[in-house]
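Throughout, read-outs are computed from the coordinates displayed, never taken from laboratory work. No experiment lies behind these values; they were computed from the predicted model shown. No Cβ is skipped: glycine too gets one built from the backbone with ideal geometry, and neighbour counts run over all protein chains shown.
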Amino acid sequence: MDPIINQSRIRNFSIIAHIDHGKSTLADRMLEITGTIEKRKCRSRSSTRWNSSANGESRSRCKPVRMKWLQKGAADSVEGIEKNSTLNAMPYTLNLIDTPGHIDFSYEVSRSLKAVEGSILLVDATQGVQAQTLTTLNMAREAGLVIIPTVSKIDSPLARTEEVVHEVCQLLECDPSEVVKVSGKTG
């Protein structure tokens, strides 16, 4: 049986991105890192998706995924317990709410955004900010969500990482140090 989690340690979030910017791959890595699924159970992107947008079922089957995360070193040091040990970790429940990646599902996107407090804005380092990125971002802003700027596919030989980070910073009026750079493929 799961221990009761303090409501202040529950985070409902989504990943908003233009289609094919790496949303499903990033979600898979998060599921692996949190131990929600085993790495060997994740297949290649071409054969499976944790959401159902690949096979046109996004309208009816957007489901949340619950992950558990231990924030190491978050609590004060206790005598005899190392600061970064798991015994001193703060448990969090992370609820990833699927947000369809295609603009044709704008109703579903708006519905998903109403269920979260924040969104990871995922922008592909090879393509940069796209029109759909702007549309979904505007919806998230109107909903008052916390936006975490993230640039994906930084491991690609075609990545224009610094240029795309600059685009994201201009869009969100943030500092480059606030932009998370990720590779869902390599973890």
Next item on the list: Subtracting the Cα-Cα distance from 0.36 nm times the residue separation, let me have the gained length for LYS68 to GLU173 in nm, one decimal.
Entry: 34.7 nm
Checklist line | Residue-span extension gain [ARG9 to THR186] - 0.36 nm each, minus C-alpha spacing | finding: 60.9 nm
Checklist line | Cut-off 15 Å between beta-carbons: net charge of the residues surrounding GLU178, Lys and Arg +1, Asp and Glu -1 | finding: -3
